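Read the structure below first, then the notes.
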Amino acid sequence: MVVIEYIVLVAIALVFLPQILLYITHTILLLNSRNKTITHVFPASEEYSDISFIMPIRKEPIDYVVEAARYVHSLGLSSYELIIVSDDDEEYKKELFNLVHKLREEGVNVWLMWRRYPRGYRTGALNDGLYASKGEYVYVLDVDTRPSKCFFERAPRVLRSDPSVVAVVGRWEPLNMNTRLSQALALGLRFLTRILYRARSINGLFTYPLGTGTLYRSKILKEYFNGWDENRIQDDMELGARIMRSGYRVLYLDECPVYVENPGTYKSFRIQQARWAYGAMDAAITRFKHIFSSNYSLIVKIDALMYLLQYVSQTLVFIGTIALATLSFLYWFEPLTLILSLTLILLMMLVIYAFLMRAESDWVKTRWEFMVLTGRLSAVSVAASPYVAFSTLKALFRIREAYKRTPKGTYQKLHTNLRIPWELLIGIYLVSGGVCASIHGLKLIPLWLFTTSMGYLYVVIRFPYDVFYK
């Protein structure tokens, strides 16, 4: 019995400690960056430089491709090129060739590179586009991204001002808030951007590139880094670690937004989070030596590694919760004082965290709207936890994962075959564990299980097609 009691203690630690440490870290970063600004000294000239946009596509809605191409042209850059790199089948290729011909007639400087064999998937497409490009700078453009003109006015000037800077990152902002989910994700995106980029930059920590939202020096990217690593699926994180070791720097430009589309459905969000979780852990394992062999201070190195391990917290909480539910069927033990203490600490940090989030969310009109959005964001994040945990563990045990694009446009609402409704099964499992623990006199463990189950059952009710269909 003593062994099981130790297992219960470990499960409780997994449930509470990762969340508490995450909230404490984010709170410190935010508080230490409040009322501070990021300043960059660069030449006053607003002359544009040659910029090559690389847009990798595969099974993207054709209207998204058209809108993205026309948007690049509408920026009014004096010199640019847009290279579309397609991994689509031959039938779609013909449609793309016709599209490119039409766009060129409109004055859009666009080119199409079609790959019969999609070597390296997204990163392979990026490399092919990179080495075909002619611009002084290169920008990776997703079909659902709209970088501001301000970014291309200032980022090249930042790069020209300091030869040690190899890339400049813009501020991610939500492009769409047209669904319940995208509204909640917009809240999370803005807040996390302020923590992971603005606050970390102000605190002197290393800035990682963003997959879309980063302007690179093309020559250095080609000749020094040899492009992106085609064995990694998270191109920005792995390249960031190599940049860190190289001695080059990445700067964050807070005043210039880059608008990115949030997933509009739970299915898209689930796929996106699973891919990001796998890519982050994969980069942490393969680029560990790059981070710790750099010339940065130990604190910066540890923070850079923790950035890559950002999904581990969610994974540990999920494992701990499932463990508590399982133990509730087998053995009834509850260290009440310990759980009560951890619960109070967690609640205190949640209140502080919510206060800071509210202060950074002035676009949310009322407190009620803020509470609804945060509740919805928490629910879908909890429901996506099994997929984040599974992907993180796959990367940890070096199980190869294919690159899965986040469905966009009409593909978000496309449902085909039935799938196992894991959200429903896990929700029922947690409720059952909570009932069993309650029957045997436990108090706080059932409360945690019931509360967590609400996230899973919420998505079953709100997004049933995404839960029951692929």
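Derivation of every value follows stated rules applied to the coordinates shown; laboratory data play no part. Keep in mind it's a predicted model, so treat the numbers as computed, not measured. Ideal geometry is used to build each Cβ from the backbone, glycine not excepted, and the neighbour counts take in all protein chains shown.
Summary of values
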read-out	value
Within the chain, percent of DSSP bridges classed antiparallel, to nearest 5	30
Calculated [θ] (222 nm, deg cm²/dmol) that DSSP helices of n ≥ 4 give over the chain, each run adding -39,500 (n - 2.57)	-18500 deg cm²/dmol
Rounded tilt (10° steps) of 367-383 against the dominant C-alpha axis of the chain	90
Partnerless Cys - the chain, beta-carbon criterion under 4.7 Å	C436
Under 5 Å, built H, 5+ apart or other chain: amide partners of M55	I83, I84, V85, L141
Tail weight of P(r) past 12 Å, computed on alpha-carbon pairs of segment 368-416, percent	75
Cα-based Kirkwood hydrodynamic radius, segment 50-135, one decimal, Å	12.9
Solvent-free Debye scattering, log10 I(q)/I(0), computed from the Cα coordinates of the chain at q = 0.13 Å⁻¹	-1.30
Cβ-based exposure ranking for S385, S293, in which fewest neighbours within 10 Å come first	S293, S385
Volume in Å³ per residue [convex hull over Cα atoms, computed for segment 237-371]	210
Residue-span extension gain [L338 to H415] - 0.36 nm each, minus C-alpha spacing	23.2 nm
Translational D in µm²/s for segment 400-470 (Stokes-Einstein at 20 °C, 1.002 mPa s, Kirkwood Rh from C-alpha pairs)	153
P(r) of segment 190-314 over all Cα-Cα pairs, binned every 5 Å from zero, in whole percent	2, 10, 19, 24, 22, 15, 6, 2, 0
Rg over Rh, two decimals, segment 4-157 (C-alpha only, Kirkwood Rh)	1.18
³J(HN,Hα), Karplus 6.51/-1.76/1.60, whole Hz, each residue of segment 438-444, x for Gly, Pro	5, 4, 9, x, 6, 10, 7
Long-range HN-HN contacts of V260 with modeled amide H, under 5 Å	R146, E173, L175
Karplus (6.51, -1.76, 1.60) ³J(HN,Hα), θ = phi - 60°, over segment 456-466, in Hz, Gly and Pro reported as x	5, 6, 4, 5, 5, 6, 7, 10, x, 5, 5
Hydrodynamic radius of segment 145-244 per Kirkwood, over alpha carbon pairs, in Å	15.0
